[in-house]
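Below: the structure, in structure tokens.
None of the figures in this text is laboratory data; all of them are computed from the coordinates on show. Predicted model only: the values in this text are computed from it and were never measured. Glycine also receives a Cβ, built like all others from the backbone with ideal geometry; neighbour counts cover every protein chain displayed.
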Amino acid sequence: MMILAFMGSDLPAQNSLIALMERAIKPDYRLHKITFSSRKEGASLNTIRTATAAGAGPELLTVFTGIVREEEIALLRARGAFFCVLPGVLPRVLLSGRVGIDDQFIFVTSSPGKCGTEAKRKMYCTPEEAFSRCLVAEMRRNGRLRHAAAC
């Protein structure tokens with residue numbers, strides 16, 4: 001199972017990038033989107049556990065939006081998720097410094113070439129490229145891909 005968690009900007013911006021990704025991956029892959037808007041204690045963690053339980057086929061991409069809590073990130077990270085961070089102000093949970101930004105974090109925008117600086121143009125990728133990175137990682141985890149260049 002492939003898992004992407006979108007963070008940053010706002011839900012309409014996240015949904016716009018997810019729609020671009022979904023158009024690019026259909027019909028070969030299915031996308032299941034889960035949006036967190038309720039913040040009941042433990043509800044999001046239970047949803048993550050249920051949605052990422054073993055048994056989903058390799059053609060399923062589970063996408064989470066509205067990720068804002070450190071515990072959500074920790075659980076998703078443990079499940080092998082990649083985190084798609086949109087341009088703009090970093091989410092508060094990332095600014096706190098308690099969550100390290102590592103190679104599971106992908107900076108995503110619809111138009112990397114329109115980013116304001118050369119450094120940002122090199123750092124950001126498209127939603128399709130983010131999916132590709134997730135797919136390669138999943139194939140490596142499952143032994144279906146042994147030697148592929150990192151995206």
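Just subtract the alpha-carbon distance of T50 and A78 from 0.36 nm times their residue separation and send over the number in nm, one decimal.
Full extension of this stretch gives 8.7 nm more.
Using a Gaussian network model on the chain with a 10 Å cutoff between Cα atoms, which of L95, L11, L20 fluctuates the most?
Among L95, L11, L20, the largest GNM mean-square fluctuation belongs to L95.
Amide H neighbours of V108 under 5 Å, counting only residues 5+ apart in sequence or on other chains, H built in-plane at 1.01 Å?
V85, L86, C125
Would you list which lysines come within 23 Å of K122, measuring only between C-alpha atoms, while excluding same-chain residues fewer than 8 positions from it?
Straight-line reach from K122, under 23 Å: K114.
Want the number for R121 to K40: 0.36 nm per residue separation, take away the alpha-carbon distance, what's left? Don't skip to the answer; put the middle values down first.
On the way: separation 81, 0.36 × 81 = 29.16 nm, distance 3.77 nm.
In short, 25.4 nm is gained.
Restricting to DSSP H runs of at least four residues, report the calculated mean residue ellipticity at 222 nm for the chain, -39500 (n - 2.57) per run over all residues, nearest 500 deg cm²/dmol.
Counting only the DSSP helices, I get -11000 deg cm²/dmol.
Which of the trypsin sites (Lys or Arg not before Pro) found in the range 68-104 are loop residues per DSSP with 14 or fewer other Cβ atoms within 10 Å of their Cβ?
The qualifying sites are R98.
Amide H neighbours of I34 under 5 Å, at least 5 residues apart or on other chains, H built in the peptide plane: list them.
So I34 has HN proximity to V63, F64, T65.
What are the extents of the Cα atoms of the range 70-151 along their three principal axes, in Å, largest first?
38, 32, 16
From a point 7 Å beyond the Cα of R141 in the direction of its Cβ, which residues of the range 70-86 have a backbone N at a distance under 15 Å?
Answer for this model: 73-84.
Just want to confirm a number: the relative contact order over the range 22-74, from Cα pairs under 8 angstrom separated by 6+ residues, in percent.
With pairs under 8 Å counted, the relative contact order is 49 percent.
Using a Gaussian network model of the chain whose springs link C-alpha atoms within less than 10 Å, name the residue from T126, T47, T62 with the highest mean-square fluctuation.
T47
Decide, for the range 2-141, between rounded, prolate and oblate: order the square roots of the alpha carbon gyration tensor eigenvalues as a ≥ b ≥ c, take rounded if a/c falls under 1.5, and otherwise choose prolate if a/b is larger than b/c, else oblate.
In terms of gyration-tensor shape, oblate.
Working out 0.36 nm times the residue gap between E70 and D10, then minus their Cα-Cα distance, what length gain in nm do you get to one decimal?
Numbers: separation 60, 0.36 × 60 = 21.60 nm, distance 1.79 nm.
Gain on stretching E70 to D10: 19.8 nm.
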